[in-house]
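Only one structure is covered here, and it is reproduced in the block below.
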């Protein structure tokens with residue numbers, strides 16, 4: 001008999017509804033997997049077994065009465081950037097260690113209302129700043145994957161590295177993530193799973209620890225496209241508590257998986273074929289193009305001329321917004337307080353923030369403060385907002401010709417822990433293919449499309465028009481069928 | 001425009017983050033590297049380009065100006081490092 005943790009989300013949903021399995025046994029299987037794998041992978045900062053089992057019992061009771069929501073009894077992991085009432089929420093930072101929110105984020109509220117069960121809170125780069133999950137105060141997340149013939153620990157990607165590792169190693173059925181510049185798609189690519197960042201405004205940001213508010217969006221990690229579509233449908237929708245959340249109706253994304261993309265126009269942005277592109281990545285991209293052609297789609301060469309400027313523009317805008325958002329951590333209302341003997345308020349601020357923030361966060365706050373400071377604001381911040389306008393126009397023009405775009409997700413497979421850490425700019429380049437989409441607020445999905453020569457997963461990214469996640473899911477469903485990606489990581493629920 | 005220790009000292013003060021002299025040297029190198037890489041934006045002519053204010057094309061909704069929340073004093077104070085008499089406690093501000 002196959003293990004409970006082998007069931008996909010849609011299979012588990014159907015089995016629960018048919019009362020073939022109980023949420024309790026499913027939840028226990030995942031708690032068991034966490035117990036055996038988490039010490040090595042460090043994917044969870046906090047596991048909440050009591051709450052999980054209580055949630056499972058409640059779900060089973062509802063199912064017994066013939067009630068229950070779209071995710072009734074399904075065990076989820078939550079990125080530790082979402083505020084969860086009465087459960088510590090750290091954002092991976094020392095400055096928020098011990099912070100226990102008194103309210104629930106809107107995204108997680110939607111999950112619990114739909115019957116989902118919380119297994120715990122997953123590790124992340126501090127304040128979601130990073131591409132390797134090596135900046136968390138609570139330690140590195142280790143990828144469940146290993147390269148062929150090497151025992152080196154690899155990064156799961158970041159910033160949502162804990163969620164990606166947990167889904168990949170089957171320590172949960174699905175997990176929430178957030179994506180500011182690639183923090184869902186890049187770890188999904190590194191861990192061989194599906195990750196979706198919806199259109200900016202699809203999900204409420206209420207109760208998500210803010211990084212860069214004009215870019216932050218919540219999304220989902222799951223084992224396959226259908227599971228991601230089911231879970232993503234639940235967390236989308238308008239919320240009066242976030243004025244940027246869209247009032248647009250949310251379609252049932254699962255219904256978009258028709259398997260038919262005949263006649264659809266898919267754009268291949270030529271600027272993404274960057275100089276020195278990894279030949280394996282280029283080959284995988286070509287394979288993806290062939291799959292789409294075989295499914296009857298029309299492939300169109302498109303141009304996004306300002307692509308190369310997206311990354312430096314992001315590194316003005318995101319730090320600027322971060323420096324402003326993170327000003328709230330001052331040792332007064334919550335989190336860490338460092339007050340030297342006889343020190344005043346200013347000493348407290350400066351020492352608290354020096355002790356509470358890690359290196360990468362400080363670096364970004366300082367950059368953000370610099371680009372917003374008097375004398376530099378016009379040259380950097382205003383300039384970046386203008387270039388951002390051009391980036392948005394690039395996509396608008398491309399989408400006049402095509403229904404979706406296909407690109408690689410990341411420029412490489414997962415790298416070893418410690419690699420790329422000597423030079424911040426080198427680390428930033430990890431998000432070269434994901435950041436332009438974020439800058440334009442468009443939906444993007446990464447799906448596992450193949451393995452590298454070293455046996456590590458590689459993802460392809462599908463980018464859609466604003467509020468057209470349906471097309472993204474539909475194309476992804478067809479590509480998944482063609483890719484037949486079945487590989488599992490070395491470390492996976494036994 | 002180059003970043004030196006004077007600039008780092010100034011922005012660290014603006015950001016209210018204490019930095020040691022050794023850290024200042026380190027930040028001069030790192031921040032200079034990042035800003036130098038960012039300088040490539042100067043290549044683009046943006047003279048007649050508007051600034052993007054939002055990617056969402058929806059107008060921000062208005063709602064009635066009415067009280068919808070409140071009476072959460074204890075919840076607000078629950079995570080305070082120091083509180084008393086229903087207030088946050090901070091070091092003395094006025095001499």
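From A:412, A:421, which residue is surrounded by fewer than 18 Cβ atoms within 10 Å (Cβ to Cβ) and away from every other protein chain (no Cβ under 11 Å)?
Details: A:412 fails: surrounded by fewer than 18 Cβ atoms within 10 Å (Cβ to Cβ).
One residue alone meets the criteria, A:421.
In the range A:279-334, what count of residues is obtained for those that are within 11 Å of chain B (Cβ to nearest Cβ), surrounded by fewer than 22 Cβ atoms within 10 Å (Cβ to Cβ) and on the phi > 0 side of the Ramachandran plot?
0
Quick check on my filter: what residues within the range B:37-84 are within 7 Å of chain A (Cβ to nearest Cβ) and assigned to a helix (DSSP H, G or I)?
B:37, B:38, B:40, B:41, B:75
Could you tell me which of the residues B:28, B:19 is within 24 Å of residue A:317 (Cα to Cα), at pLDDT 95 or above and facing another protein chain (nearest Cβ under 10 Å)?
On the way: B:28 fails: facing another protein chain (nearest Cβ under 10 Å).
Criteria check complete, one pass: B:19.
Identify all residues within the range A:358-380 that are more than 7 Å from chain B (Cβ to nearest Cβ), part of a loop (DSSP other than H, G, I, E, B) and either closer than 14 Å to residue A:317 by Cα or within 25 Å of the chain's Cα centre (by Cα) (or both); write none if there are none.
Within the range A:358-380, A:358, A:376 qualify.
Would you pick out the residues in the range A:401-415 that are out of contact with any helix residue (DSSP H, G or I) (no Cβ under 6 Å at 6 or more places or on another chain) and assigned to a loop (DSSP other than H, G, I, E, B)?
Step one: of the range A:401-415, the residues out of contact with any helix residue (DSSP H, G or I) (no Cβ under 6 Å at 6 or more places or on another chain) are A:401-402, A:405, A:411-413, A:415.
A:402, A:411, A:412, A:413, A:415, listed by residue number.
Kindly indicate the residue of the range A:70-99 that is surrounded by fewer than 18 Cβ atoms within 10 Å (Cβ to Cβ) and on the phi > 0 side of the Ramachandran plot and also modelled with the lowest pLDDT among those meeting that condition.
Result: A:98.
If you scan the range A:8-30, which residues turn out to be surrounded by 21 or more Cβ atoms within 10 Å (Cβ to Cβ), closer than 23 Å to residue A:164 by Cα and over 22 Å from the mean Cα position of the chain (by Cα)? Show your work before the answer.
So the first thing to find is which residues in the range A:8-30 are surrounded by 21 or more Cβ atoms within 10 Å (Cβ to Cβ), and the list is A:9, A:12-13, A:16, A:23, A:26-27, A:30.
After this cut, where a residue has to be closer than 23 Å to residue A:164 by Cα as well, the list is A:9, A:12-13, A:23, A:26-27, A:30.
The answer is A:12, A:13, A:23, A:26, A:27.
Would you be able to say whether some residue in the range A:282-297 is in contact with a strand residue (DSSP E or B) (Cβ under 7 Å, 6 or more places away or on another chain) and in a loop (DSSP other than H, G, I, E, B)?
Within the range A:282-297, one or more residues are in contact with a strand residue (DSSP E or B) (Cβ under 7 Å, 6 or more places away or on another chain) and in a loop (DSSP other than H, G, I, E, B).
Out of A:102, A:67, which single residue is surrounded by fewer than 18 Cβ atoms within 10 Å (Cβ to Cβ), in contact with a helix residue (DSSP H, G or I) (Cβ under 7 Å, 6 or more places away or on another chain) and assigned to a loop (DSSP other than H, G, I, E, B)? Give the derivation first.
Details: A:67 fails: in contact with a helix residue (DSSP H, G or I) (Cβ under 7 Å, 6 or more places away or on another chain).
One residue alone meets the criteria, A:102.
If you scan the range A:424-438, which residues turn out to be within 13 Å of chain B (Cβ to nearest Cβ) and either at pLDDT below 95 or touching a strand residue (DSSP E or B) at 6+ places or on another chain (Cβ under 6 Å) (or both)?
Going through the range A:424-438, the residues within 13 Å of chain B (Cβ to nearest Cβ) turn out to be A:424-429, A:432, A:436-438.
Those that are within 13 Å of chain B (Cβ to nearest Cβ) and either at pLDDT below 95 or touching a strand residue (DSSP E or B) at 6+ places or on another chain (Cβ under 6 Å) (or both): A:424, A:425, A:426, A:427, A:428, A:429, A:432, A:437.
The values are calculated or read from the model by the stated rules, or taken from the named source; none is laboratory data. All values derive from a computational prediction rather than experimental measurement. When we count neighbours, we look across all protein chains shown, and the Cβ atoms used for this are built from the backbone with ideal geometry, even at glycine.
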